[in-house]
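Participant: Sharing a structure with you now.
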Amino acid sequence: MASVGKIARRTFLIGAAAVAGGVAVGYWYVSRPYANPLEGELAEGEATFNPYVKIAPDNTITVIAPRAEMGQGIATALAALVAEELDVPLDMVKVEHGPASFAYYNAALLEEGGPFPFYDRSLMAETVRGALGGVSKVLGFQGTGGSSSIRDGFDKMRQAGAAARHVLVEAAARKLGVAVSELSTADGAIEHKASGRSVTYGQVASAAAAIDPPATVRLKDKADWKLLGKAQPRVDMLAKVTGAPIFGIDVILPEMLFGTVKMSPRFWAKPAKADLSKAEKMPGVVKIVPLETTYGHGFGIIAENTWAAFQAAEAIEVEWDAAEYPADGAAISRVLADALASGEGSALRHDGDIDTAFADAPRERLVEAAYEVPYLAHACMEPMNATAQFKDGVLEIWSPNQMPTMTRYLCSEAVGIERDKVDVHTTHLGGGFGRRGEMDFSVYAALLAKEAGGRPVKVTWTREEDIRHDTYRPAAAGRFQARLGDDGLPEALDIHIASPSVIGSTLRRMFPSISPLGPDRTITDGSHNQPYAIPNYRVTGIAADVGIPVGFWRSVGNSYNGFFHECFMDEIATAGRTDPVELRRKLMAGWPAAVKVVDRVAAMAKWGEPLPSGRARGFAFTLSFGGWVAEIVQVADTPYGLRIEKVWIAADVGIALDPGIIEAQLVSGAVFGLSAAMGQEITIADGMVEQSNFHDFDAMRISQCPAFEVAILENAERMGGVGEIGTPPAAPALANAVFALTGKRIRTLPLSKEVAFA
Amino acid sequence: MRLIVDGKSIEFEADPEMPLLWALRDLAGKTGPKFGCGIAACGACTVHIGGEAVRSCTLPVGQVEGEVTTIEGLAAGGKLHPVQQAWLDEQVAQCGYCQAGQIMSAAALLEANPDPTDQDIDEAMNGNLCRCGTYPRIRAAIKKAAALKTAGI
Ligand code: FES
Ligand code: FES
């Protein structure tokens with residue numbers, strides 16, 4: 001087995017990206033705690049206790065939830081962690097995102113960047129987790145992704161609340177001249193029951209902030225939780241039902257100009273010839289600015305309103321250079337096929353001895369299949385946008401983004417100023433799904449602001465620009481081979497997955513001077529780390545660079561590995577004449593959390609009971625981001641096509657902090673996965689994306705939406721994520737249901753190429 | 001150009017070809033209606049004109065006839081509209097970006113059909129895309145809103 005040092009030297013790419021970030025930002029103080037970024041921005045009389053809590057004299061309690069709220073309910077969930085220990089009801093706290101700051105680093109975001117499955121608790125796995133978490137801290141990597149926010153914040157945020165409460169009570173004891181032990185807290189006040197006297201938190205806040213926080217705090221026992229473990233009303237719900245201006249696209253500033261971009265439809269291609277004259281003369285147009293960035297080349301348009309900017313963008317006449325990458329679907333498939341045939345790659349799982357296991361396998365015991373999936377766009381409901389103002393050497397940017405500290409860094413580089421001259425305001429996000437971890441929309445706004453004479457510019461992309469300039473979920477191909485034993489169970493499973501490297505592509509955009517090293521574990525994430533006991537089990541990932549920008553799309557590698565792996569498990573079940581649920585029970589017997597979600601979902605759906613004719617079900621299980629999820633999809637044959645009637649989900653996330661939010665996320669994740677599986681694909685012709693808007697890149701509509709039944713379990717030892725885990729099992733459960741209904745084993749997505757959906 | 005928006009008369013200068021959505025958002029400062037597609041394919045920009053649900057992204061502002069109501073003007077007299085109240089009770093919104101449009105479509109549906117069936121709901125709401133997949137809670141909230149409305153709450 002490799003030593004920790006060796007694993008560190010193998011530089012798993014996510015680590016490489018992080019280290020690259022560190023070199024670039026030049027920050028390397030391992031042990032020094034970060035300064036509290038709230039110190040500099042307190043209102044008159046306001047006191048702060050740590051980076052997460054501010055209290056004003058009028059008892060306004062502000063909690064900083066420094067993760068992007070993109071619908072996953074993180075503002076509510078993080079605030080509840082603080083409120084629980086601070087002993088205040090959730091509706092008493094004001095929740096803010098807070099500034100971009102290294103203090104808000106996300107350790108859990110990188111923790112799982114090593115080669116270990118989530119259930120591996122060995123010393124080495126834990127050591128690497130600690131080391132990668134440390135990298136995140138050192139870099140001050142403030143990011144929202146990888147379903148990591150709660151895992152990162154669970155202790156940190158509760159400790160912040162408890163530490164603040166501790167000094168508040170201490171200050172109250174001094175003020176009232178009584179012992180701390182005689183005081184109790186409730187609803188933002190500290191009471192001395194014996195004398196009937198009480199003070200509010202606000203009344204003692206500044207005195208309390210002067211007291212040194214305790215070296216350690218005792219957190220409440222789970223049994224004493226008042227908020228956690230129960231569904232809370234979301235803190236942002238009222239704003240969202242009244243149309244309040246909370247999104248990036250809603251920013252309005254005095255003297256604001258409006259803009260848009262027209263970037264090369266061939267990635268990284270430059271304009272060969274351009275005629276701006278017609279566009280420049282259009283009414284309302286202020287200025288047209290050439291843009292050259294690591295994200296691509298094109299033009300930015302500054303205008304007096306968004307409509308004028310859109311019109312002018314269309315009027316720009318330009319010929320773009322040719323594509324320097326495989327320019328159509330057939331050429332891209334060939335790259336993937338060649339990669340699979342190359343015999344290269346790195347195996348992140350290799351149990352037993354695959355070569356021997358297949359050497360003498362009789363033909364009738366072999367199961368073989370090839371799978372392929374297309375590129376996908378994120379298609380967030382809110383098109384990409386950001387607003388920026390460059391004035392007196394300072395860049396202020398309002399950006400619906402998932403990576404504030406990286407946004408600050410790349411915008412400072414683009415404009416050519418020091419990082420501390422950039423202020424990032426993170427607004428609410430109208431969907432993120434990984435797309436808003438990119439910096440293009442922020443950088444373009446920053447570059448246009450530089451040309452706007454000190455006025456702010458709100459730069460909104462058209463939907464067409466958004467679909468055609470995404471960082472796509474990569475296309476991927478998989479080759480699967482199994483050898484079955486006498487009992488029908490797999491004795492050996494050999495998997496090869498080829499896909500462009502998400503991390504390699506991300507580095508090209510963010511740190512173009514650094515060349516990627518080491519394997520990208522996202523390529524096989526969802527295949528190399530599943531809780532199946534198969535004696536000979538090998539999973540090899542092959543990075544197949546295509547040159548089309550790819551990025552993090554809800555559940556990343558799990559989105560296609562889940563589809564491949566779980567459809568192939570269904571093929572194994574069919575070939576071995578084993579019931580698909582029974583197959584899982586047998587192969588996952590060593591992981592009780594897995595077996596329990598399988599059993600639960602089977603019981604909920606009454607799996608195995610006969611169905612009326614014209615109906616069938618499919619099953620899938622995935623472990624992603626620490627969430628153990630089993631899904632069953634039921635489809636019905638109707639005169640209008642296949643209809644997804646019902647979906648059952650059982651999920652184990654360890655500790656379920658807010659069951660209402662978790663249920664919503666599981667359904668949301670499944671709808672996202674079903675949308676893609678049913679009908680989405682991004683195709684390339686002449687180097688350009690062919691789709692452009694919701695008429696040709698649609699998602700599930702309400703009339704197609706099945707009924708859902710969800711169960712949340714808490715058997716797993718480690719806490720898992722929530723935001724992405726509903727997605728990976730959705731596509732395979734649907735494809736397996738289609739097989740059960742029609743006998744058609746569909747191994748490529750979207751399924752709509754072979755069957756029609758109602 | 002003059003329009004009545006959310007009960008107030010507003011005056012602005014605009015190319016009559018400019019879609020109502022951009023006149024509302026950029027010229028009138030009404031950011032409640034959202035931009036999602038610009039081709040009447042997602043419903044994020046839905047407003048009411050004379051009580052009817054209309055996609056404001058494809059309607060030239062010069063052709064608007066009648067009073068415009070946006071999500072910002074839906075609550076009357078400081079009280080949430082029953083649809084908004086139901087949305088709050090059912091905790092519908094995730095990212096929330098589509099919800100202004102969803103709520104406006106649902107409010108128009110209930111105006112025309114106080115007791116919609118599941119199929120009525122599917123038909124009336126099919127033009128409103130939600131990338132977060134909040135549809136099951138939207139269905140529940142519309143039923144709830146219908147009950148609230150009938151009860152006069
Ligand atoms: S923005 Fe009007 S329907 Fe999409
Ligand atoms: S709530 Fe996010 S798009 Fe509907």
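The values are calculated or read from the model by the stated rules, or taken from the named source; none is laboratory data. Because the structure is predicted, anything quoted here is derived from the model rather than measured. Here Cβ is always computed from backbone atoms with ideal geometry, including for glycine, and neighbour counts include all displayed protein chains.
Participant: Consider region B:14-56. How many of its residues are at negative phi and within 10 Å of chain A (Cβ to nearest Cβ)?
Facilitator: 23
Participant: May I ask you to list the residues in region B:18-58 that are touching a strand residue (DSSP E or B) at 6+ places or on another chain (Cβ under 6 Å) and away from ligand 1 (no atom under 16 Å from the Cβ)?
Facilitator: B:Ala28
Participant: Follow-up. Of all residues in region B:32-51, count the ones that are away from ligand 2 (no atom under 16 Å from the Cβ) and modelled with pLDDT of 95 or more.
Facilitator: Qualifying residue count, region B:32-51: 6.
Participant: Scan region A:352-402 for residues that are part of a loop (DSSP other than H, G, I, E, B), surrounded by fewer than 24 Cβ atoms within 10 Å (Cβ to Cβ), on the phi < 0 side of the Ramachandran plot and not hydrophobic (A, V, I, L, M, F, W, C) and jot them down.
Facilitator: Hits for region A:352-402 are A:Asp353, A:Asp360, A:Pro362, A:Pro374.
Participant: Taking B:Gly66 and the conditions (1) of a type outside the set (Asp, Glu); (2) farther than 20 Å from B:Gly7 by Cα; (3) assigned to a loop (DSSP other than H, G, I, E, B), which numbered condition does it fall short on, given that it satisfies the others?
Facilitator: Every listed condition holds for B:Gly66 apart from (2).
Participant: Considering only region A:643-668, how many residues are in contact with an Asp or Glu (Cβ under 6 Å, 6 or more places away or on another chain) and either within 10 Å of chain B (Cβ to nearest Cβ) or of a type in the set (S, T, N, Q) (or both)?
Facilitator: Of the residues in that region, 0 qualify.
Participant: Something else about it: Is it the case that some residue within region B:16-27 is crowded, with 21+ Cβ neighbours inside 10 Å, at pLDDT 95 or above, charged (D, E, K, R) and not in a helix (DSSP H, G or I)?
Facilitator: No, the conditions are met nowhere in region B:16-27.
Participant: Strands (runs of 3 or more DSSP E) wholly in region A:250-351 with at least 3 residues that are under 30 Å from A:Ile523 (Cα atoms) and not aromatic (Phe, Trp, Tyr) - which ones?
Facilitator: A:346-351
Participant: Shifting gears a bit: State which residue pairs qualify: first residue without any contact (Cβ under 8 Å) to a residue 40 or more places away in the chain and inside region B:124-147, second residue aromatic (Phe, Trp, Tyr) and more than 16 Å from ligand 1 (Cβ to nearest atom) in any location, beta carbons under 7 Å apart, and separation of 6 or more residues or different chains.
Facilitator: Partner pairs satisfying both residue conditions: B:Gly133/A:Phe672; B:Pro136/A:Phe708.
Participant: While we're on this one: Quick check: anything in region A:421-429 away from chain B (no Cβ under 14 Å), in contact with a Leu (Cβ under 6 Å, 6 or more places away or on another chain) and either away from ligand 1 (no atom under 16 Å from the Cβ) or at negative phi (or both)?
Facilitator: For region A:421-429, residues away from chain B (no Cβ under 14 Å), in contact with a Leu (Cβ under 6 Å, 6 or more places away or on another chain) and either away from ligand 1 (no atom under 16 Å from the Cβ) or at negative phi (or both): present.
Participant: May I pose another question? Can you spot a residue in region A:686-698 that is at the interface with another protein chain (Cβ under 7 Å from one of its Cβ atoms) and farther than 22 Å from A:Thr471 by Cβ?
Facilitator: Yes - at least one qualifying residue is present in region A:686-698.
Participant: Something else now. Given the residues A:Ala716, A:Ala737, A:Ala731, A:Ala711, which is the only one that is among the aliphatic types (A, V, I, L, M), farther than 17 Å from A:Ile632 by Cα and either out of contact with any Pro (no Cβ under 8 Å at 6 or more places or on another chain) or in a loop (DSSP other than H, G, I, E, B) (or both)?
Facilitator: Just a single option satisfies the conditions, and that option is A:Ala716.
Participant: Look at B:Ile138 and say whether it is within 10 Å of chain A (Cβ to nearest Cβ), closer than 18 Å to A:Val667 by Cα and away from ligand 1 (no atom under 16 Å from the Cβ).
Facilitator: yes
Participant: May I ask you to verify whether A:Glu491 is part of a helix (DSSP H, G or I) and at pLDDT 95 or above?
Facilitator: No.
Participant: Being buried (at least 17 other Cβ atoms within 10 Å of the Cβ) and either modelled with pLDDT under 95 or more than 11 Å from chain A (Cβ to nearest Cβ) (or both): is that true of B:Ala76 here?
Facilitator: No: the conditions fail for B:Ala76.
Participant: Continuing with this model, one more query. Among the candidates B:Ala124, B:Ala86, single out the residue that is within 12 Å of chain A (Cβ to nearest Cβ), farther than 25 Å from A:Phe247 by Cα and crowded, with 19+ Cβ neighbours inside 10 Å.
Facilitator: B:Ala124
Participant: Could you check region A:402-435 and list, in sequence order, the residues that are among the hydroxyl-bearing types (Ser, Thr, Tyr) and out of contact with any Gly (no Cβ under 6 Å at 6 or more places or on another chain)?
Facilitator: A:Thr407, A:Tyr409, A:Ser412, A:Thr426
Participant: Across region B:99-115, which residue is farthest from B:Thr31 (Cα to Cα) among those that are away from ligand 1 (no atom under 16 Å from the Cβ) and within 12 Å of chain A (Cβ to nearest Cβ)?
Facilitator: Residue satisfying both the conditions and the ranking: B:Leu109.
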